[in-house]
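Undergrad: One structure, pasted below without further comment.
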2 protein chains.
Amino acid sequence: MDIEDLAARIEAGERRALARAITLVESGRADHREQATALLDRLRGGGREGLRIGLSGTPGVGKSTFIEAFGMMLTAQGLKVAVLAVDPSSARSGGSILGDKTRMERLSRDRNAFIRPSPAQAQLGGVARRTREAIGLCEAAGFDVILIETVGVGQSETMVADMSDLFLLLLAPAGGDELQGVKRGIMESADIILVNKADGELKSAATRTCADYAGALRLLRKRPQDPEGFPKALTVSALEEAGLAKAWQEMLALVGWRREAGQFDARRSEQARHWFEAEVREGLLARLRQEPVRGAMAALAQRVEQGDLSPARAAEEILQTYLRGFAGKGS
Amino acid sequence: MDIEDLAARIEAGERRALARAITLVESGRADHREQATALLDRLRGGGREGLRIGLSGTPGVGKSTFIEAFGMMLTAQGLKVAVLAVDPSSARSGGSILGDKTRMERLSRDRNAFIRPSPAQAQLGGVARRTREAIGLCEAAGFDVILIETVGVGQSETMVADMSDLFLLLLAPAGGDELQGVKRGIMESADIILVNKADGELKSAATRTCADYAGALRLLRKRPQDPEGFPKALTVSALEEAGLAKAWQEMLALVGWRREAGQFDARRSEQARHWFEAEVREGLLARLRQEPVRGAMAALAQRVEQGDLSPARAAEEILQTYLRGFAGKGS
């Protein structure tokens, strides 16, 4: 593969080249990994930077409808919008159950939009790397806004929040005054809560739910990365395309404040460091899945299961046999 | 330290020797670790096995009162009872806020009981190892029942469930018909749910809550490790010492069934294998916190933060510099 050619075509905004590059970073093959790293290195420093917006919402809140309406609004303003999906559950089904493009038909036909479904990978660590790298590729391709959406299963919300400049939580109107069992940790990482379906019969419920969340957000400790009034809760109607411009305005206000305060760059630096550390950990643990360690572990595991060997002793055996030299640089 | 002497005194049931051995397995020092592994090896195969009961309950459900009453009932039957606390939050406060012995005054004076507060360790991995090893020590010391209690913060419930033969969830009566936001995963790992405070004014609320949980449990898929009727929900009153004998009877019935069906041993084998694998991972990652890797990572992290180097490239540099030889056995 001609990395230089691929890089040039990505920078020229060729969507097929971008799609191909993302497939490359998703690959588990060692030679592909080398090419991917070379490509990412080549594209670094191009100076192009998009706004990375994380978006979480459980099935049923109208996430696809929201992304489509929000994305169309942005492309109508001349912005280029990329949508990356992170769905850990797709590892089981071998891909999203509904193709993401079918879900967002209008947006997928928009020349200023690029939609990439979730890859079918078993490990969240792998999904995280692929997504972070795909973000970098989209930025190099000149996308202004990168929406990273997740269904919010397990750790995926935290993961997406950790790679975004802004994190949005999309919710549906709740019945009565109960909050929808949103995990506290997620509430705390949300910058803006959007209560969708503020239309028709659900409009008043949406307004009430929004007020409930606004109240709950006020109870949280103010974060240093927020100006007065943030995090905040807003109502939107993806269906009627209402409240979207207001939401975008709030996002820009928050980002503007953070840039001014130096928080924007500080957050990106911190994210890059975390990413580096996670990559080292992942790379290290990956060795355990390779031969000969893999086979040796399986054999010892059997003896541990049979009670012939204590878990601690068996672990020591693996570490001493295969880790000589590690952390000693040849010692 | 004379490991042979310590082992003999543990096997003779000396509580001070047991306490000293647990301190040894809690230590982070490399020489202590070696001694601990030697001690655990020496004590293996003694053929003594206790029943490992995990117990989770948030503050306020009456966990200490329950453990005291339940423990006293068991010691009155001539059983030896050890209580190990797992409180991840104690890492911050440097130990449990209330000393566990103060919490269970009567039980702590009981000659057939042994109570060990949570160690002050930052990492859940470390707490897990210490607790698993402490269980082994208690069994070698002839304890019949080992209660492993946790406040159920973060991952600690799952961790405790993973090292127990039986897992109990202690809950307080709920107001109205709402379930208490118990995480689904925890419900699914509970063998018996105990609704405490079924006394005085709260008695009818406890009965109602118990019925709610019994209903919720029926909605869960039947697990292969359960006989008909399990998992189940029961009311207890630790204060009035009511329902405890019934609860114990149910625990014994479940354990008896699992032994019969081969599930008991199968679960222990599986737990041992998981423990082994976790130890290898932990041991591997521990190398990153040692020099010279630690220093090299800090230096690279700085370049990554400044944007001089991509996270992926920096990670590769660490892995290639320090992992030569690993997984190649000298290559």
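The values are calculated or read from the model by the stated rules, or taken from the named source; none is laboratory data. Note that the coordinates shown come from a computational prediction; the quantities given were computed from them, not determined experimentally. Positions of Cβ are backbone-derived with ideal geometry, glycine not excepted, and every protein chain shown enters the neighbour counts. Accessible surface is based on the protein model in full, side chains and every heavy atom, while ligands, DNA and RNA are left aside. Shrake-Rupley method; radii C 1.70, N 1.55, O 1.52, S 1.80 Å.
Undergrad: Take A:ALA245 and tell me if it is small (Gly, Ala, Ser), within 14 Å of chain B (Cβ to nearest Cβ) and not in a loop (DSSP other than H, G, I, E, B).
TA: Against the criterion (small (Gly, Ala, Ser), within 14 Å of chain B (Cβ to nearest Cβ) and not in a loop (DSSP other than H, G, I, E, B)), A:ALA245 does not qualify.
Undergrad: Please go through the stretch A:1-43 and give me each residue that is open to solvent by 60 Å² or more (accessible area, probe 1.4 Å), closer than 18 Å to B:ALA312 by Cβ and charged (D, E, K, R), ordered by number.
TA: A:ARG29, A:ASP31, A:GLU34, A:ARG42
Undergrad: Here is a check on your reading of the model: is B:ARG259 out of contact with any Cys (no Cβ under 6 Å at 6 or more places or on another chain) and either more than 7 Å from chain A (Cβ to nearest Cβ) or exposed (fewer than 14 other Cβ atoms within 10 Å of the Cβ) (or both)?
TA: Against the criterion (out of contact with any Cys (no Cβ under 6 Å at 6 or more places or on another chain) and either more than 7 Å from chain A (Cβ to nearest Cβ) or exposed (fewer than 14 other Cβ atoms within 10 Å of the Cβ) (or both)), B:ARG259 qualifies.
Undergrad: Return only the number of the condition from (1) in the same structural domain as A:ILE192 (by the TED database); (2) in contact (Cβ under 8 Å) with a residue 60 or more places away in the chain; (3) surrounded by 16 or more Cβ atoms within 10 Å (Cβ to Cβ) that A:PRO59 does not satisfy.
TA: Among (1) in the same structural domain as A:ILE192 (by the TED database); (2) in contact (Cβ under 8 Å) with a residue 60 or more places away in the chain; (3) surrounded by 16 or more Cβ atoms within 10 Å (Cβ to Cβ), the lone unmet condition for A:PRO59 is (3).
Undergrad: When B:ARG268 is evaluated against the numbered criteria (1) out of contact with any helix residue (DSSP H, G or I) (no Cβ under 8 Å at 6 or more places or on another chain); (2) assigned to a loop (DSSP other than H, G, I, E, B); (3) open to solvent by less than 50 Å² (accessible area, probe 1.4 Å), which criterion, by number, is the only one it fails?
TA: (2)
Undergrad: Same structure again: Suppose we filter A:LEU323, A:LEU219, A:LEU319, A:LEU234 for residues that are of a type outside the set (Val, Ile, Thr) and under 25 Å from the mean Cα position of the chain (by Cα); which single one remains?
TA: Only one candidate passes the filter, namely A:LEU234.
Undergrad: Residues that are modelled with pLDDT under 85: which helices (runs of 4 or more DSSP H) entirely in the stretch A:5-119 hold 1 or more of them?
TA: Where helices (runs of 4 or more DSSP H) fall fully within the stretch A:5-119 and carry at least 1 residues being modelled with pLDDT under 85, they are A:30-43, A:90-93, A:100-103.
Undergrad: Pairs needed: first member in the stretch A:35-47, more than 8 Å from chain B (Cβ to nearest Cβ); second member anywhere, modelled with pLDDT under 90 and not in a helix (DSSP H, G or I); C-beta distance under 7 Å; at least 6 residues apart or different chains.
TA: Note: pairs meeting the criteria are A:GLN35/A:MET1.
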